[in-house]
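Structure record follows, encoded as structure tokens.
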Amino acid sequence: MLRKTDFYIDGKWVAPAKAQDLEVINPADETAFATISLGSAADVDAAVAAARTAFKTWSRTSREERLEYLEKLLAVYEKRSGDMAKIISSEVGAPITMSTQQQAGAGWGHIKSFIRTLKNFEFDAPLSEKVPTEHIAHEPIGVCGLITPWNWPMNQICLKVVPAVAAGCTVILKPSEISPMSGIIFAEIMHEAGFPAGVFNLVNGDGPTVGEAMSRHPDIDMMSFTGSTRAGIAVQKAAAETVKRVTLELGGKSPNIVFADADIPKAVKRGTLHCFNNTGQSCNAPTRMLVERSVYDSAVEIAAETAKNCKVGDPAEEGNHIGPLISQMQFDKVQTLIQKGIDEGAKLVAGGTGRPDGFNRGYFVRPTVFADVNNDMAIAREEIFGPVLTMIPFETEAEAVEIANDTQYGLAAYVQSGDQARAQKVARELRAGMVLLNGAQRPGGSPFGGYKMSGNGREGGDWGLEDFLEVKAISGWDESAA
């Protein structure tokens, strides 16, 4: 069994102030494969002190110096990508093919994207050509506390750590205690890339202890959190005492509107498989499929058949199957909500409660599709975070938009239509931070984030860098004296 109980503070691995061992469970077989230690407020204090000291010099480094470190980071990450994929597969349950291409691959993609962003970002400029004496400077905000989730560990770690250090900030990372091993490998990568002591620090721990200590800490200037809306609210409340900046990427219940003029077989199959990707454990998953009434019955048949053909299997095996849910808690939650959908009167057309055939252990669930759902049902309103698709019929475009927007969330939305002009018109009417039309893929550098209770702030590209910068206006500037 792996034992990784030290924290990475001030450029070295150090023992926790007080050891509190926690086993890391492989969700495929429910056995422990590693041990970490949960940290305390004292560990956070040590990490913050190191980051505060390092900020004095790191914040003054040039763009070129920081780019050199990021290029080294990319090279080391590429070298360790196989290790990263294997450990994510073990701790999250992502099948190794998916873990390599999507989970570990996302980190590599974000590092490359932020290198491009940093090369082109304008940190200093006049307010306008007409007012050259008004100088606008973007400066690093300071010491940043970063809390990342278990479902896409490298995607979120790289979306936070990389732009923060690129901006000149120093950081304390608390990865999820459920999937901490990938964060530990990332710390090893940062160390091998040669970042100065204190620029990057890692403290493992749970939200009520380490997360709370970070959020309240007077010497942390900003908190960036990704996770549940409930936990995000707790972070924001704790951070309010010191009026620090807080960015949040929270939950979602994303609608996928399918109009009758779309390529129905293609659109429905694609949307169903997208919902099931990562075993449904994605905040931007298209979990509510809204289908025009004239093609609704056909769409239900296609979705049900797609779910029945979706394979569930061992994460250690190559292939396009889906793996288990992350934990017993998540398994129980998903089972409860599937049963609630049945009890509420939704029509179960695929899947259901219990494990798939052939599994007697592991947090494996059956890919599930509910038809004849209405937007008042719990399965249409709550973020299930499992491979569960709800299908809702609509009559008119206006009704589709009304149903889509009738949610506390506003992270992503999807539109399928053979009429591009209509798809774009509907996209404008949807209250979501990201709208994807007809199977389009999001390119690197596009802003990730949402409206309403899906959070605030944006990650990726210029927007992700700007989140970690303060804006300073200097009047009476003379460029010739700079």
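The values are calculated or read from the model by the stated rules, or taken from the named source; none is laboratory data. Quick caveat, the model's predicted, so the values are computed rather than measured. Glycine gets a Cβ as well: all are built from the backbone with ideal geometry, and neighbour counts include every protein chain shown.
Listed by first and then second residue, the pairs linking a residue in segment 181-195 that is in contact (Cβ under 8 Å) with a residue 24 or more places away in the chain and in the same structural domain as PRO149 (by TED's automatic domain parsing) to a residue that is acidic (Asp, Glu) and in a helix (DSSP H, G or I), with Cβ atoms under 7 Å apart and 6 or more places separating them unless they lie on different chains, are MET181/GLU91; SER182/GLU91; ILE185/ASP83. In segment 375-390, of all residues being in a helix (DSSP H, G or I) and among the hydrophobic types (A, V, I, L, M, F, W, C), the one that is farthest from VAL300 (Cα to Cα) corresponds to ALA378. Residues that are in contact with a Pro (Cβ under 8 Å, 6 or more places away or on another chain) and either assigned to a strand (DSSP E or B) or β-branched (Val, Ile, Thr) (or both) within segment 148-170 comprise THR148, ILE157, listed in sequence order. The requirement of being of a type in the set (Val, Ile, Thr), surrounded by 15 or more Cβ atoms within 10 Å (Cβ to Cβ) and under 26 Å from GLY410 (Cα atoms) is fulfilled somewhere in segment 327-339, by at least one residue. All conditions in (1) assigned by TED's automatic domain parsing to the domain that holds LEU465; (2) farther than 22 Å from LEU70 by Cα hold for PHE276, with the sole exception of (1).
Table: residues versus (1) over 18 Å from LYS253 (Cβ atoms); (2) in a loop (DSSP other than H, G, I, E, B).
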position	(1), (2)
PHE364	yes, yes
VAL373	no, yes
ILE392	no, no
VAL415	no, no
GLN424	yes, no
LEU436	no, no
GLY445	yes, yes
LEU465	yes, no
ALA473	yes, no
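Applying the selection to segment 57-100, what residues are crowded, with 19+ Cβ neighbours inside 10 Å and outside any helix (DSSP H, G or I)? Scanning segment 57-100 gives GLY93, ALA94, PRO95. If you go through segment 364-392 and pick out every residue that is surrounded by fewer than 24 Cβ atoms within 10 Å (Cβ to Cβ) and out of contact with any strand residue (DSSP E or B) (no Cβ under 6 Å at 6 or more places or on another chain), you end up with 8. When residues in segment 129-158 are screened for being surrounded by fewer than 24 Cβ atoms within 10 Å (Cβ to Cβ) and in contact with a strand residue (DSSP E or B) (Cβ under 8 Å, 6 or more places away or on another chain), 11 of them pass. Taken together, GLU139, GLU129, GLU134 contain a single residue that is at pLDDT below 95 and not hydroxyl-bearing (Ser, Thr, Tyr), which is GLU129.
Taken over segment 288-317, the criterion of being in contact with a strand residue (DSSP E or B) (Cβ under 6 Å, 6 or more places away or on another chain) and either modelled with pLDDT under 95 or closer than 28 Å to VAL92 by Cβ (or both) is satisfied by ARG288, MET289, ALA303, ALA304, ALA307, LYS308, CYS310, VAL312. Note on segment 453-463: among residues that are outside any strand (DSSP E or B) and small (Gly, Ala, Ser), the one that is nearest to GLU122 (Cα to Cα) is GLY461.
Name the pairs: first residue in segment 50-62 and modelled with pLDDT of 95 or more, second residue among the basic types (Lys, Arg), Cβ to Cβ under 9 Å, at least 6 apart or on different chains? Qualifying pairs under 9 Å: TRP58/ARG66. Residues that are surrounded by fewer than 20 Cβ atoms within 10 Å (Cβ to Cβ) and aliphatic (A, V, I, L, M) within segment 436-452 comprise LEU437, ALA440, listed in sequence order.
One residue alone among PRO140, PRO126, PRO175, PRO132 is assigned by TED's automatic domain parsing to the domain that holds ASP462, within 20 Å of the chain's Cα centre (by Cα) and not hydrophobic (A, V, I, L, M, F, W, C), and that residue is PRO175. Restricted to segment 401-413, and to residues there that are part of a strand (DSSP E or B) and under 24 Å from PRO265 (Cβ atoms), the residue that is nearest to the chain's Cα centre (by Cα) is ALA412. Looking at the structure I just gave you, is ARG361 farther than 30 Å from ASP29 by Cβ, in contact (Cβ under 8 Å) with a residue 60 or more places away in the chain and surrounded by fewer than 21 Cβ atoms within 10 Å (Cβ to Cβ)? It is false that ARG361 is farther than 30 Å from ASP29 by Cβ, in contact (Cβ under 8 Å) with a residue 60 or more places away in the chain and surrounded by fewer than 21 Cβ atoms within 10 Å (Cβ to Cβ).
Pick out the one residue from PRO196, PRO175 that is at pLDDT 95 or above and more than 20 Å from HIS110 (Cα to Cα).
PRO196
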